[in-house]
Each structure stands twice: as structure tokens, then as C-alpha cells.
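Asks: First, the structure itself, so that you have it in front of you.
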Amino acid sequence: MIPVVDGHNDALLRVWRSGGSLRDRSENGQLDLPRMREGGIAAGFFAIFVPATDERPDFSTLMRRTAEGYDIPLDTPLPAERGVRIAAELAAIFARDLKPVLTVSDLERCVAGEEIGAILHLEGAEPIAPDLGNLESWRELGMRSLGLAWSRPNAFACGVSFRYPGTADTGPGLTAAGRALVRACNELGVMLDLSHLTEAGFADVARLSDAPLVVTHTAAHALAPIPRNLTDAQLDAVRDSGGLVGAFFDRTMTHPRAEIEADTPLDVLLDHIEHLAGRMGVEHVALGSDYDGCTPIAAVGDASKVQTLLEGLAARGWPDDDLRALGHRNWLRVLRATWH
Ligand SMILES: [Zn+2]
């Protein structure tokens with residue numbers, strides 16, 4: 001098996017909603033430690049994401065039909081109190097169930113097979129105070145990765161809505177607080193994740209940040225033209241910074257028309273990965289499943305099945321060396337340059 005570092009999962013949110021432990025193999029959801037072990041996932045980014053409501057939202061009631069497709073309006077801003085309170089509850093699950101990866105050496109030990117590691121990621125900066133007063137305490141808690149915004153506006157940045165077709169040119173870039181947050185994360189050695197950002201926000205981070213650009217879970221806009229996916233020009237910016245893009249496994253957002261819950265074959269995901277590698281070079285591509293935050297393509301339907309994807313690329317002629325770059329080596333390079 002080729003060890004995989006996975007760029008994004010929402011397993012903490014699943015356990016927060018439905019109980020249980022990530023240490024046990026669950027009948028629900030897609031990712032837990034036993035299934036990571038079976039699939040060769042050596043470490044993963046575990047998102048702390050605070051949803052607007054305690055129950056799962058029903059996208060079918062929110063979706064608006066448009067002439068060419070559909071649009072799901074942006075969520076409203078999250079109340080500050082809810083962001084802080086629920087982020088702490090998710091962080092407690094992380095501390096209870098997982099082994100934190102704090103340094104590149106920790107991650108190297110995971111890739112060598114010693115243990116399964118977890119990188120604490122904040123998906124949406126709402127739990128951070130706008131004056132950044134608690135940013136360092138989040139880092140002390142183990143946070144090593146921060147996504148400025150999810151698909152809603154906050155004090156720092158604005159995310160994109162889910163629509164087909166569309167680009168990420170849908171809203172403003174970073175606020176003054178957002179620009180300060182980028183600089184502070186650079187100084188503290190916290191990785192910034194550009195997933196979910198508007199095109200203007202992406203460009204602001206590209207201009208301001210001195211770290212390699214990272215988009216942990218996305219796909220190619222050229223193959224599936226929705227705002228969440230990266231245009232070729234954005235891929236070029238990631239490549240030029242020395243960064244990487246994690247390909248997600250979502251069956252809707254990889255589908256050429258973003259059909260909700262489409263029966264998307266694995267080959268479509270492999271096409272996305274090959275587009276990313278063709279545009280940027282294989283040293284800038286990684287995996288970011290989005291397990292427990294999406295409905296994955298059936299062939300990679302849970303964490304135990306990740307090697308199926310690597311076998312698919314091998315069948316397309318990918319040499320072992322490239323598969324190791326995709327699986328973990330690119331992450332090690334980028335995090336070495338970021339986590340100083
Ligand atoms: Zn996400």
C-alpha cells in the first residue's frame with residue numbers, strides 16, 4: 001500500500017452529530033481510524049466545521065432552479081457565540097479520539113506506518129476573534145491549518161455558493177481582518193487552506209501569503225464548471241507558489257454538470273486528477289477526500305477504499321514514484337515549507 005495523507009475530512013462533525021468514537025469502526029459515515037488503516041491513510045486533516053444548525057441541512061429545499069442549472073444561496077453568517085462554543089466541542093472530540101500531528105517529524109512517523117495521525121484544521125475562521133486575540137491559543141491547542149471561510153461570509157473573507165454552472169467570481173475578497181489573519185498565520189507557521197474562497201479572496205491570499213498556496217479539497221473547473229473548483233489560472237498560481245491542490249472525491253462536484261448525487265464513475269475523478277497533474281505537474285497534486293463532508297464516488301465510498309484510486313492511476317500508467325508524490329510526498333514538502 002502507498003501511504004496517503006488525506007487533505008480533508010469532516011469525521012469530527014459526524015461524531016459530534018451522531019455520537020460514537022473515531023477509534024471504532026462505524027457502520028455510519030465514511031472515515032474512522034480502523035477504515036483509515038485499511039485504506040492506507042497514514043494521516044488526515046480533520047476539520048473543525050461549525051454548521052449553521054444542529055441538524056443536517058436539506059439542500060433540496062434550498063436549491064433554486066436557474067435557466068442553465070441551479071443555485072444554492074450562501075449561508076448567512078454564523079453567530080459568534082455558536083462558532084466558539086461548537087468549535088470547542090469538536091476540538092474535544094479531536095483530543096479524545098486522535099493523535100495530533102504537530103510537526104513534520106510527526107507526519108513522517110505516520111507515513112512510515114508508526115501511527116495514524118490527525119492534523120487539526122479549522123474550516124472557516126469564525127471561531128477566531130476578529131482581533132486575532134485567540135489565534136495563538138488555537139495554535140497551542142494543535143491547530144496547524146486554517147481555512148479562511150466556508151461557503152458563507154465571515155469577519156475575514158467570503159466563500160462561494162454551490163451552483164452550476166458558475167465561477168468563484170461571486171463576491172468580495174479579504175477584509176482588513178482577513179489580511180491580518182494571513183500575515184499572522186504566516187508568522188505562526190499555520191497553513192492556510194484556500195478551499196471555498198471567492199476568486200477575489202484567493203487572489204488576495206496569493207498576493208499576501210509567503211507560504212506555498214494550498215487548496216485541500218477541490219477539483220478542476222475545466223471539467224466541472226462550478227465555483228468550488230479551481231480554474232486553470234488558479235492552478236497556475238498554486239504551481240508557481242510551490243503549493244498543492246487536494247482532489248476531492250465528491251460525486252456531485254466532480255460530475256461534468258454537477259448533477260446532485262450523480263452516479264459518477266471513478267474514471268471521472270481520475271480525469272480530474274490527471275487534469276490537475278497535466279496543468280501543474282504531479283508534484284502539485286494530492287488527495288483531499290472530503291469524507292463525511294460529501295457523498296463520495298462509490299468506488300472510493302469510504303476511507304478503506306482509497307487504494308482503489310491509486311490502483312486506477314497505476315492502470316493508467318502512473319509510475320510508483322508519481323503515486324508516492326500524490327499520496328504523501330507533496331504534502332511533506334509543502335508542510336516543511338509552511339510549518340517552520
Ligand atoms: Zn469543505
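The values are calculated or read from the model by the stated rules, or taken from the named source; none is laboratory data. Since the structure is predicted, the reported quantities are computational estimates derived from the model, not experimental observations. No Cβ is skipped: glycine too gets one built from the backbone with ideal geometry, and neighbour counts run over all protein chains shown. The protein model used for the area step is the full one, side chains on, heavy atoms only, and it has no ligands, DNA or RNA in it. Shrake-Rupley method; radii C 1.70, N 1.55, O 1.52, S 1.80 Å.
Asks: Looking only at residues that are of a type in the set (A, V, I, L, M) and open to solvent by 20 Å² or more (accessible area, probe 1.4 Å) in the range 294-340, which one is farthest from Phe45 (Cα to Cα)?
Replies: Among residues in the range 294-340 that are of a type in the set (A, V, I, L, M) and open to solvent by 20 Å² or more (accessible area, probe 1.4 Å), the one farthest from Phe45 (Cα to Cα) is Ala315.
Asks: Quick one: count up the residues across the range 113-150 that are over 20 Å from the mean Cα position of the chain (by Cα) and farther than 21 Å from Thr338 by Cα.
Replies: Residues that pass the stated criteria total 7.
Asks: For Asp106, indicate whether it is more than 15 Å from the ligand (Cβ to nearest atom), open to solvent by 60 Å² or more (accessible area, probe 1.4 Å) and closer than 21 Å to Val190 by Cα.
Replies: Against the criterion (more than 15 Å from the ligand (Cβ to nearest atom), open to solvent by 60 Å² or more (accessible area, probe 1.4 Å) and closer than 21 Å to Val190 by Cα), Asp106 does not qualify.
Asks: Further, regarding this structure: Take the range 135-188 and flag every residue that is open to solvent by 20 Å² or more (accessible area, probe 1.4 Å), within 14 Å of the ligand (Cβ to nearest atom) and hydroxyl-bearing (Ser, Thr, Tyr).
Replies: Of everything in the range 135-188, nothing turns out to be open to solvent by 20 Å² or more (accessible area, probe 1.4 Å), within 14 Å of the ligand (Cβ to nearest atom) and hydroxyl-bearing (Ser, Thr, Tyr).
Asks: Right, next: From the list Ala325, Ala299, exactly one residue is of a type in the set (Gly, Ala, Ser), outside any loop (DSSP other than H, G, I, E, B) and in contact with a Pro (Cβ under 9 Å, 6 or more places away or on another chain). Which is it?
Replies: Ala299
Asks: Shifting gears a bit: Can you tell me which of Leu276, Leu269 is among the hydrophobic types (A, V, I, L, M, F, W, C), open to solvent by less than 20 Å² (accessible area, probe 1.4 Å) and under 24 Å from Leu192 (Cα atoms)?
Replies: Testing whether each residue is among the hydrophobic types (A, V, I, L, M, F, W, C), open to solvent by less than 20 Å² (accessible area, probe 1.4 Å) and under 24 Å from Leu192 (Cα atoms) leaves just Leu276.
Asks: Can you pull out the helices (runs of 4 or more DSSP H) entirely within the range 1-73 that have at least 2 residues that are over 23 Å from Ser105 (Cα atoms) and touching a Gly at 6+ places or on another chain (Cβ under 8 Å)?
Replies: Passing ranges, in order: 11-18.
Asks: Given the condition of a type in the set (Ser, Thr, Tyr), crowded, with 21+ Cβ neighbours inside 10 Å and outside any helix (DSSP H, G or I), answer yes or no: does some residue in the range 230-244 qualify?
Replies: No, the range 230-244 contains no residue that is of a type in the set (Ser, Thr, Tyr), crowded, with 21+ Cβ neighbours inside 10 Å and outside any helix (DSSP H, G or I).
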